[in-house]
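What follows is a set of notes on a single structure, which appears directly below.
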Protein chains: 2
Amino acid sequence: MALTTTSPRERMTLARVAARSVALLSDDEKRAALTSIADAIEADTDAITAANSEDLQRGAGSGLSTALLDRLKLDATRVHALADAVREIAALPDPVGRVLDERVMANGVTLTKVAVPFGVIGSIYEARPNVTVDIAALALRSGNAVVLRGGTAAELTNAALITAMRGALASCGIDPEAVQTVDEFGREGARELMHARGLVDVLVPRGSAQLIETVVTESSVPVIETGAGIVHILLDATAREDWAREIVVNAKVQRPSVCNAVETVLVHRDAAARLVPGVVADLQAAGVTVHGDSVVATLAPDVVPAEEADWMTEYLSLDVSMKIVENLDEALAHIRSYSTHHTESIITDDAASAARFLAEVDSAVVMVNTSTRFTDGGEFGFGAEVGISTQKLHARGPMGLAELTSTKWLVRGAGQVRL
Amino acid sequence: MALTTTSPRERMTLARVAARSVALLSDDEKRAALTSIADAIEADTDAITAANSEDLQRGAGSGLSTALLDRLKLDATRVHALADAVREIAALPDPVGRVLDERVMANGVTLTKVAVPFGVIGSIYEARPNVTVDIAALALRSGNAVVLRGGTAAELTNAALITAMRGALASCGIDPEAVQTVDEFGREGARELMHARGLVDVLVPRGSAQLIETVVTESSVPVIETGAGIVHILLDATAREDWAREIVVNAKVQRPSVCNAVETVLVHRDAAARLVPGVVADLQAAGVTVHGDSVVATLAPDVVPAEEADWMTEYLSLDVSMKIVENLDEALAHIRSYSTHHTESIITDDAASAARFLAEVDSAVVMVNTSTRFTDGGEFGFGAEVGISTQKLHARGPMGLAELTSTKWLVRGAGQVRL
């Protein structure tokens, strides 16, 4: 379904109208719609990869980095994977209609709190075209319409994906305006999306810390803040050496480019001589550059001196910072100062230290003796992940489909009035 | 405990530090703190009423309306009622520490989602000094610190109340900076509060629609939007006459100045001749002015002609607008256009109409055959009410203590890493 060229506001109004009928779709209808979208994306593989080739060519011409070009790239295999991800979302249980609370007033009036779709979800994101399909599928599965604003670098790819999705909706008898984009309107489209109170119910930005900061600061539409992770692991005085080595290496190396990868390792001074040499050796063997303080540098070779800026850096690369702390209090204070409140883990054999860490660290996910890489909707058993919320309002930590719903109270009486 | 004169930012930083210890208080400690606050407010009755007399004198001098002066007024009886409200909040169950979800990963890692305090709650509100005590008590009961910004008209009264509360906290060994105000800093204080991301976790504005609109639009701190209610009752074709008359009168007259009072009555054309005369007669007998469309005016005497502006007006007075609609679709469309998404009720004997109304009206509370005045935390059994959220993020409808908490995932392992 081609998009009519109108204004961002008209586009969002169409999405708002579509949201009304999408909210009333049954579980089966939503499953069928997503299955149809998955099929349409596969059927359109040639058009999608052709559009993507053009985006890649433009990107290479304008000097995009190899890493960004790789994120942008969609070949037939990746298109197939995108479609499969939609099928997985189709198979998840419907989050709409769940009864969350039931009460009966003394006068017999009944109260039922049910999960309902938000209405229209907006998303502003960067160069990964998979987000286009992912967010649209998650929004539709939870009964919402969606307004997308992707990165300029992926504009043609996104347009091809959106065309496929809109066509699939129309073929199911669903209003195709439920999947909207404001991409052609550039920055103005993003700006209007951030100020579309009354048309858009919630904005989910996905991308760099800077993008998210901009959206949070500028939007008058409520935002769910996701992502940025300056993640800490504390090796406590009593940390087991094998766990310390395995967990730190896993948390850094298994996938360094993601938000739940560890960025700073704090080491209790009483464990420094025992743990630092082995942990650093394992990290270095895995290709990691360790940015350490002066004590770390005396305990291990090839340590790059850490500067203040290192404690504030989300490397997203094979780099990690390491600092010796006097005690648990200093560790907690360091985390308070530098954490983005995403995930922190303590490795310890001391139940009291573990309990204090769990109670006092103010992050979405707080762990004992395990890898920060587990902070993930899939790992948590949600089946799909909308993002990882680092704010405290509405949703905190990995978000599944349930977090794309709001609630409504249904109140049923038989003529009762308030006395 | 006197406040030291610093900047709004320093005040909020002190609250942030205090929030760390308040979050760790036990249920008993929080109860004791609130009991102590209630006692301190009663013990300070003379100082509080003296400060209030000065506020009232200034207010009368600057031409405040009688209604506003009445809201502002605190005599010994009202101070006593304030203290009792705090004791009621003390008696509520602790919302902190509730286990909201528990999962075990296949590898044995356990996940526990628990309710935790937000940290620092900000509130911007108008001339009712009871809000000062109410919000502070609700925040503390849920383990939060609070930063208050009340109306200028109540400045001395609020200062006296805050002094009493801070003294009570200090006497319990709790950091008195957990109750903060930025009142002395005027508009600048409000502005800094709205932009205190990182210091203040959530803002709860209370007051006029204009105040709330300003806070929602200006804040970069997440806001929970409360209050404004352009509330509708639809008298369907099959509405019972006795219920229609009793419910409309109750919803308008029982307390016209509050957000859950009805403002617009829609009447199905097939029921107009049957219902309008009696409903209007009962309303007029209770002193209500009916602003009706031309059909309403032919069915009842003394109807003031309704203009477009009437459908957009939250009267908060003994006025109501009344309109005849062709059918349920037109009623739903009218509600969509003019409702503030607070509460709407249908009076009907038709199960299909009731079901459509419940499903399609996009408001926090949707009712069948009962009075909109029931949208209230107390009536819902929450024991206390933070406000009525008209937004969809985090909380929707009446908010109790639970809505002043966020969540945290506690993850416990034994050396597991991600494969």
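The values are calculated or read from the model by the stated rules, or taken from the named source; none is laboratory data. Quantities reported herein were computed from a predicted structural model and do not represent experimental measurements. Note that we place each Cβ from the backbone using ideal geometry, even for glycine, and neighbour counts take in every protein chain shown. Calculation scope for accessible area: heavy atoms of the full protein, side chains included, ligands and nucleic acids excluded. Shrake-Rupley method; radii C 1.70, N 1.55, O 1.52, S 1.80 Å.
Worth a mention:
- Single match in A:Arg269, A:Arg336 (criterion: at pLDDT 95 or above and under 27 Å from A:Gly227 (Cα atoms)): A:Arg336
- Lone unmet requirement of (1) under 25 Å from the mean Cα position of the chain (by Cα); (2) touching a residue at least 40 places away in the same chain (Cβ under 8 Å) for A:Ala32: (1)
- Every pair of residues 6+ apart whose Cβ atoms lie under 6 Å, when the first sits in region A:220-241 and is among the β-branched types (Val, Ile, Thr) while the second is part of a helix (DSSP H, G or I) and surrounded by fewer than 22 Cβ atoms within 10 Å (Cβ to Cβ): A:Val223/A:Val216; A:Ile230/A:Tyr338
- Qualifying residues in region A:364-383 (those that are more than 7 Å from every other protein chain (Cβ to nearest Cβ) and at pLDDT 95 or above) - the one farthest from the chain's Cα centre (by Cα): A:Thr372
- Test result for B:Val131, in contact with a Gly (Cβ under 8 Å, 6 or more places away or on another chain) and part of a strand (DSSP E or B): no
- Restricting region A:296-334 to residues that are under 21 Å from A:Ile247 (Cα atoms) and hydroxyl-bearing (Ser, Thr, Tyr), the residue that is surrounded by the fewest Cβ atoms within 10 Å (Cβ to Cβ) is A:Ser317.
- Qualifying position, being facing chain B (nearest Cβ under 8 Å) and either of a type in the set (Val, Ile, Thr) or surrounded by fewer than 22 Cβ atoms within 10 Å (Cβ to Cβ) (or both), among A:Val386, A:Val361, A:Val417: A:Val417
- Taken as a whole, the structure places B:Arg98 among residues that are more than 21 Å from the chain's Cα centre (by Cα) and of a type in the set (D, E, K, R).
- Qualifying residue in region A:407-419 (condition: without any contact (Cβ under 8 Å) to a residue 12 or more places away in the chain, basic (Lys, Arg) and farther than 22 Å from B:Asp101 by Cβ): yes
- Close contacts from region B:336-358, counting a first residue that is open to solvent by less than 10 Å² (accessible area, probe 1.4 Å) and a second that is of a type in the set (D, E, K, R), with Cβ to Cβ under 6 Å and a gap of 6+ residues or different chains, come to B:Ile346/B:Asp236; B:Thr348/B:Asp236.
- Residue in region A:284-300 that is within 14 Å of chain B (Cβ to nearest Cβ) and either without any contact (Cβ under 8 Å) to a residue 24 or more places away in the chain or not small (Gly, Ala, Ser) (or both) present: no
- Hey, B:Tyr338 aromatic (Phe, Trp, Tyr), under 30 Å from B:Ile212 (Cβ atoms) and out of contact with any strand residue (DSSP E or B) (no Cβ under 6 Å at 6 or more places or on another chain) or not: yes
- Test result for A:Ala273, surrounded by fewer than 24 Cβ atoms within 10 Å (Cβ to Cβ), over 25 Å from the mean Cα position of the chain (by Cα), farther than 19 Å from A:Ile335 by Cα and in the same structural domain as A:Met367 (by TED's automatic domain parsing): yes
- Within region A:334-358, the set of residues being under 24 Å from B:Val202 (Cβ atoms) and more than 9 Å from chain B (Cβ to nearest Cβ) comprises A:Ile335, A:Ser337, A:Tyr338, A:Ser339, A:Thr340, A:His341, A:His342, A:Glu344.
- Inter-residue pairs, beta-carbon under 8 Å, first under 18 Å from A:Leu404 (Cβ atoms) and in region A:97-110, second of a type in the set (Phe, Trp, Tyr), 6+ apart: none
- For the criterion of being among the basic types (Lys, Arg) and either over 23 Å from A:Val116 (Cα atoms) or surrounded by 20 or more Cβ atoms within 10 Å (Cβ to Cβ) (or both), A:Arg20 fails.
- Residue list for region B:352-374, filter: among the small types (Gly, Ala, Ser) and within 14 Å of A:Arg418 (Cα to Cα): B:Ser371
- Matching residues in region A:62-114 - criterion: being surrounded by fewer than 14 Cβ atoms within 10 Å (Cβ to Cβ), touching a helix residue (DSSP H, G or I) at 6+ places or on another chain (Cβ under 7 Å) and under 28 Å from A:Leu419 (Cα atoms): none
- Top-ranked residue in region B:402-414 [being open to solvent by less than 20 Å² (accessible area, probe 1.4 Å) and under 30 Å from A:Ala196 (Cα atoms); ranked as nearest to the other protein chains (Cβ to nearest Cβ)]: B:Ser406
- Scan region A:366-379 for residues that are surrounded by 24 or more Cβ atoms within 10 Å (Cβ to Cβ) and under 27 Å from A:Val86 (Cβ atoms) and the total you get is 3.
- Residues located in region B:389-400, provided they are open to solvent by 10 Å² or more (accessible area, probe 1.4 Å) and more than 7 Å from every other protein chain (Cβ to nearest Cβ): B:Thr390
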